[in-house]
Amino acid sequence: MTDVDLQRPKRRREATVERLLDAALQTFAEQGFAAASVEDICSRGGLTRGAFYSSFRSKDELFEALMTREVERDLARVAELLTGLADEPDPLAAAVDRVLGAFRCDRTWALVVTEYTLHAARNPEAAEVLRRHDEQVGSRLAELVDRMAAEAGLAFTLPAADLIGAATALLSGLTLMSLTAQGDLEPLRRTALLSLVRGAVSSTPTTP
């Protein structure tokens, strides 16, 4: 048996997981987390219940995997976007424009996160999953912001973790508004976020 033969079952399992995650994303957005059943997810993904339970023990575990996949992708993009800002005439504006340009309000993901947040509000175990996730993501984003500030010669008047917390609260609120708003909230997102980060910058820049 060759190495290729040995890798085939692993690749099949990985492909099955990806199909389940893709199906869950759409199903949770359309039906809500509570209303969506394992059967609904499997039907959309063209998979059996056996395929589901060979990969996940519950919908909550599936959601955690979905959240991890989406966030890891986003963090990788943010890390790339926050590099090379030192040569920009306005590093803060460039950072905001790059990030918001890459991450416009995603209605599907916003619905999924909102649905699970409502579920977590009534489920302590799910709430703990979200708290742990938020702490980990916040810590990694703070590291990226600190690195960006050092490269661009910027100094903040508060810890990067606090700035990330404030920015997350701001953008989360605007994303929630976007679910029912009639107009485009992108200009407001830029104005609000740029005002927030400018207000957190020390008047005395550092030397990169």
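The values are calculated or read from the model by the stated rules, or taken from the named source; none is laboratory data. Quantities reported herein were computed from a predicted structural model and do not represent experimental measurements. With ideal geometry, Cβ positions are generated from the backbone for all residues, glycine too; neighbour counts draw on all protein chains shown.
Name the single residue that is surrounded by the most Cβ atoms within 10 Å (Cβ to Cβ) among those in the range 70-99 being of a type in the set (A, V, I, L, M) and closer than 22 Å to L25 by Cα. For the range 70-99, the residue satisfying everything is V78. Considering every residue within the range 137-154, establish whether at least one is loosely packed, with under 13 Cβ neighbours inside 10 Å, assigned by TED's automatic domain parsing to the domain that holds L185, closer than 30 Å to S58 by Cβ and not hydroxyl-bearing (S, T, Y). Checked the range 137-154: no residue is loosely packed, with under 13 Cβ neighbours inside 10 Å, assigned by TED's automatic domain parsing to the domain that holds L185, closer than 30 Å to S58 by Cβ and not hydroxyl-bearing (S, T, Y). Identification of helices (runs of 4 or more DSSP H) wholly contained in the range 76-180 with 1 or more residues that are aromatic (F, W, Y) and in contact (Cβ under 8 Å) with a residue 12 or more places away in the chain yields 107-121.
Consider the range 66-111. How many of its residues are hydroxyl-bearing (S, T, Y) and more than 17 Å from D146 (Cβ to Cβ)? Break it down stepwise before answering.
Quick first cut of the range 66-111, residues hydroxyl-bearing (S, T, Y) only: 68, 83, 108.
From what's left, more than 17 Å from D146 (Cβ to Cβ): 68, 108.
Residues meeting the conditions: 2.
Residues of the range 127-170 being charged (D, E, K, R) and under 13 Å from V71 (Cβ atoms), which ones? Result: R132, D134, E135, R140.
Among residues that are in a helix (DSSP H, G or I) and either under 25 Å from R189 (Cβ atoms) or of a type in the set (D, E, K, R) (or both), A65 is not included.
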